[in-house]
Structures are given as C-alpha cells and as structure tokens.
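Engineer: Here you go, one structure.
The values are calculated or read from the model by the stated rules, or taken from the named source; none is laboratory data. Predicted model, so just to flag it, every value in this text is computed and none were measured. FYI the Cβ positions are ideal-geometry reconstructions off the backbone, even for glycines, and counts take in every protein chain you see. Note: areas computed on protein heavy atoms with side chains; ligands, DNA, RNA excluded. Shrake-Rupley method; radii C 1.70, N 1.55, O 1.52, S 1.80 Å.
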Amino acid sequence: MEIVDLSTLPDAETRYTEFLKQVCEKHDMDHAAYAGMNPASGTVAGFVTYDDAWTEHYQNQGLIMIDPTIHMARRSIAPVDWSRLERGPEFQRMFNDASEFGISNQGVTIPVRGPFGDIGLLSASRDCSKEEWRKLYTHVIGDLQSMAVHIHDHVVSSDEVTSALYHPNLSTREVEILQWVAAGKSQQDIGDILSISHRTVEVHLRSSREKLSALTTPQAVGRAIAIGLITPS
C-alpha cells in the first residue's frame, strides 16, 4: 500500500491539489477532486485537478444541485461507482455537460465520515471503456479509500478545534499492526512476524477501526497516517 504523505508536500492550498495530482499519476486517473465539510468549525473545503473552464461551468450552472455522484455518495457508506448510477435526467444533464469538457462518466466517489459529523468525498475518473474501468476499479479501490481518509483527515485536522478534540488512544500493538498493514503485509504475514495468531491480528484491527471511526482497514490505515500514528510505506 503506497500513500502520498501530505506532510511532505508544499504548504497552503497547493498541498491538496498536488496530492490529487499524485493520486491521478499513481492510479492512472485523468482527474481527481476532494470536497469536505466540517460542522465542528463550520468550514467547507474543495480541491480539484479539473481545468478552470469546467470548474467555472460547474459552479455557474449550479450543477452541484443535481450532481448524482455527490448526492449518492453523501448518503452512502461505501464507494459510489459512477458506472452503477441510475442513468436518469440528472445523470444525463451532468455528464452531457462534462463530456464537452473532456470528463468521462467512468469514475468513483468515496465518502469518508469522521467522528464529529465531518464528511469528505474523494472522486477520481478516467476516460476508458467499461471493461477497462472495471479492471482498474478493482485494482485501485483499496488504495483510493486509504487516500480518501488521508486527505480528509489532513484537511480536518488542520482546524485547531477539531484537532484538539480528536486524539484516538490506540495500543502499541494496534499501531504496530496498522504499520505492517501499511507496508502491504497480510494478516497471516503479520501474525507470523509478531508470533500471534491471525485471529488475534483481526481482533486488534477491529479495535483499531472502532477507535479510528473507520469502516474498513484501508480507511483505518489512511486515518492513522493522516494523524501521525504511523508512517506511509
């Protein structure tokens, strides 16, 4: 598992745009975008790799009001594969416009929910056939989920109020196991390395997910990296 470490990138707003560009480079995507809302501080954040022309069109036409990728993802706990969205009038309007700016309807939006009602959405898309998209999606979705948590938690933790509130208390063993997961080791591998059963590894992972308010282990790894508990490998 390879995650771009946001702490190594330039300061200020360019940090997140550069992160999204590296997400695209690592996973053969054309575009990526992040949008987040933090009710604890009352802030909204958004960063994209799209051309300015599409961004302006999207805003001027009020497409956020009908964008099915956003509205579906806000109600979901799982990644929203655009290829599985209903092809209704809103989808047709959205992607007919998008195609004029060279943006494909093959993509995914990954929702991330934090412990204080904060929510983030990471989207990535690629212009390719349905068959190519299916293969790509299967290959990269785990890493993209980790990256979604990583950028969301980094944006949220930059707010002093939320940063002060969020201090998960993981055990040394839980941190150790998450670090091995980040290094690409399986549960069986980790059990062998630490001389414990793979079921014990799973118990620690389950506890880590609960403490980090993560739905999946990749999300837990991404969140642990974002808040500095472990380092990316």
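Engineer: Looking at ARG209, ARG173 in this structure, which one is open to solvent by 60 Å² or more (accessible area, probe 1.4 Å) and either among the acidic types (Asp, Glu) or more than 26 Å from GLN106 (Cα to Cα) (or both)?
Structural biologist: Step by step, each of ARG209, ARG173 is checked, and only ARG173 is open to solvent by 60 Å² or more (accessible area, probe 1.4 Å) and either among the acidic types (Asp, Glu) or more than 26 Å from GLN106 (Cα to Cα) (or both).
Engineer: From GLY107, GLY88, which residue is in contact (Cβ under 8 Å) with a residue 24 or more places away in the chain and either farther than 20 Å from ALA214 by Cα or not acidic (Asp, Glu) (or both)?
Structural biologist: Sole residue among the options that is in contact (Cβ under 8 Å) with a residue 24 or more places away in the chain and either farther than 20 Å from ALA214 by Cα or not acidic (Asp, Glu) (or both): GLY107.
Engineer: Still on this model: Among (1) touching a Pro at 6+ places or on another chain (Cβ under 8 Å); (2) surrounded by fewer than 19 Cβ atoms within 10 Å (Cβ to Cβ), where does SER129 come up short?
Structural biologist: Exception for SER129: condition (1).
Engineer: OK, next. Please verify whether ARG126 is within 17 Å of the chain's Cα centre (by Cα), modelled with pLDDT of 85 or more and under 28 Å from TYR34 (Cα atoms), treating the condition exactly as stated.
Structural biologist: Judged against the criteria, ARG126 is a match.
Engineer: Return yes when ARG15 is open to solvent by 70 Å² or more (accessible area, probe 1.4 Å) and on the phi < 0 side of the Ramachandran plot and no when it is not.
Structural biologist: no
Residue by residue, here is whether (1) open to solvent by 10 Å² or more (accessible area, probe 1.4 Å); (2) closer than 27 Å to SER186 by Cα; (3) at pLDDT below 95; (4) touching a Cys at 6+ places or on another chain (Cβ under 6 Å) holds:
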position: LEU122; (1), (2), (3), (4): no, yes, no, no
position: ASP143; (1), (2), (3), (4): yes, yes, yes, no
position: HIS150; (1), (2), (3), (4): no, yes, yes, no
position: VAL161; (1), (2), (3), (4): yes, no, yes, no
position: ALA164; (1), (2), (3), (4): yes, no, yes, no
position: PRO168; (1), (2), (3), (4): yes, yes, yes, no
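Engineer: If I filter the range 189-233 down to residues being of a type in the set (S, T, N, Q) and in contact (Cβ under 8 Å) with a residue 12 or more places away in the chain, which single residue comes out as farthest from HIS154 (Cα to Cα)?
Structural biologist: Once the filter is applied, the top-ranked residue is SER207.
Engineer: Let me ask you something else. Quick check on the range 56-109: of everything there that is acidic (Asp, Glu) and farther than 18 Å from LEU122 by Cα, which residue is least open to solvent (accessible area, probe 1.4 Å)?
Structural biologist: The selected residue is ASP97.
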